[in-house]
Each structure stands twice: as structure tokens, then as C-alpha cells.
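Participant: One structure follows; several queries about it will come next.
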Amino acid sequence: TGEQFGFVSMVSVASGEQALPDTGGLPTVVNFWFSTCQPCRREMPVLAAAAGEFAGRVTFIGISPNDTVETAQAFLDTYGAAYPNFLDRTGGQVAGAGVGTMPTTYFLDARGNVAAMHAGELTEADLRANLTRAGVGA
């Protein structure tokens, strides 16, 4: 932890165009997932709810290496995840972040440094504890 998290250009699920994720200078939750991953399905409602609760204070970004725009959008719609999501078609973001399991979630402070990383399914308690590590108050 403490190292800068670097983003690469990926395909935006919303637009289908190449785009670079933007944290907006806020603490950020970066979640790696894919639609047929069962733990990803179980944690997505937690992420979607937190994205609403912390709107304007925390940026949420989702990244899927495996899905099409259509599959990803259907998955996100199912769970009400309205925050920006991207497709890592080249695997460059997954490799750059050192993701070895799905789901994996990184918690970045407002400067974009890694404050915490959680490999595996996130519970609401995990999410809140890691947001605190990233400098986010309740």
C-alpha cells in the first residue's frame, strides 16, 4: 500500500468508447469484477448501495476484463450500480494492478495512493473499514 494507482485507457461501459477513469480528486473504490463471477454478484449490491450513500465524497469505478458492453450493462442494471464502469479488454489494467483473483477491490486515498486492497468478496463491514483506511469518515 501507499503506491500510486495508475489507470490505463479502457472501454467505457456507458459510451462504448475508449476512456480513462477519473477519480475527480476524491478517495476512490476500484472494483475488479465480471458478470459470471458468483462472489462478484454477491458483493455488487453492497458496492451499489455505498456508491449512492457516499456520492460526492467517494468515487466508485468498476472494471471488468471479461464482459461485452451489453453484458456488463445488463449486470450493472440488475444490481443498480450506476457508477462508471470500464472494460479492460487488453488486460492491461488487471496486470498493472496485479489482480490475481476476482473480485478484487482497491481503496485509494484522495491523492490516488493505494490505502488498502481486498481480494475476494467484500462485505459492508469490509467496505466501511477500508474506506476509513482511505481517509473517508462515516
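Participant: For a quick check: with amide H placed at 1.01 Å from N, whose amide H comes under 5 Å from A115's, ignoring anything fewer than 5 positions away on the same chain?
Facilitator: It is G2, F107, L108, D109, by chain and number.
Participant: Can you tell me how much longer the chain between A82 and A19 gets when fully stretched, taken as 0.36 nm per residue apart minus their C-alpha distance, in nm with one decimal?
Facilitator: 21.0 nm
Participant: Another question about this same structure. How large is the accessible surface per residue of segment 69-138, computed with a 1.4 Å probe and reported in Å² as a whole number?
Facilitator: That works out to 47 Å² for each residue.
Participant: Can you grab the distance from the C-alpha centre of segment 86-118 to the C-alpha centre of segment 5-73, Å, no decimals?
Facilitator: First find each Cα centre; the distance between them is then 10 Å.
Participant: If you don't mind, there's one more thing I want to ask. Only Cα pairs under 8 Å and at least 6 apart count here; give the relative contact order of the chain as a rounded whole percent.
Facilitator: Averaging sequence separation for qualifying contacts and normalising by length gives 33 percent for the chain.
Participant: Still on this structure: Would you mind getting me the FRET efficiency between Q38 and E124? Use the beta-carbon distance for r and R0 = 22 Å, nearest 0.05.
Facilitator: After rounding, the FRET efficiency stands at 0.75.
Participant: For the chain, give me the percentage of DSSP beta bridges that are antiparallel, rounded to the nearest 5 percent.
Facilitator: The antiparallel fraction comes to roughly 65 percent.
Participant: Modelling each spin label as a point 7 Å along the Cα-to-Cβ direction, I'd like the E53/N113 distance in nm, to one decimal.
Facilitator: 2.6 nm
Participant: Sticking with this structure for a sec: Which GluC sites (Glu not before Pro) in segment 23-120 pass both tests, a DSSP loop state and at most 12 other beta-carbon atoms within 10 Å?
Facilitator: Passing both the DSSP loop test and the Cβ count: no residue.
Participant: Next question. Leaving ligands, DNA and RNA out of it, report the carbon-plus-sulfur percent of the accessible area of segment 1-132 at a 1.4 Å probe.
Facilitator: With neighbouring chains kept in place, the figure for segment 1-132 is 53 percent.
Participant: Using the Kirkwood radius over Cα pairs, work out the Stokes-Einstein diffusion coefficient for segment 1-79 at 25 °C and 0.890 mPa s, in µm²/s as a whole number.
Facilitator: In µm²/s, the coefficient is 182.
Participant: Within the chain, which whole H helices from DSSP have a Cα span along their axis of at least 20 Å and a mean Kyte-Doolittle hydropathy of -0.5 or more, if any?
Facilitator: Those that pass (Cα extent of 20 Å or more, hydropathy at least -0.5) are 38-53.
The values are calculated or read from the model by the stated rules, or taken from the named source; none is laboratory data. If you're wondering where the values come from, they're calculated on a predicted model, not measured in any experiment. Heads up, the Cβs are rebuilt from the backbone with ideal geometry, glycines too, and the neighbour counts pull from every protein chain shown. What goes into the accessible areas is simple: the full protein's heavy atoms, side chains included, and nothing from ligands, DNA or RNA. Shrake-Rupley method; radii C 1.70, N 1.55, O 1.52, S 1.80 Å.
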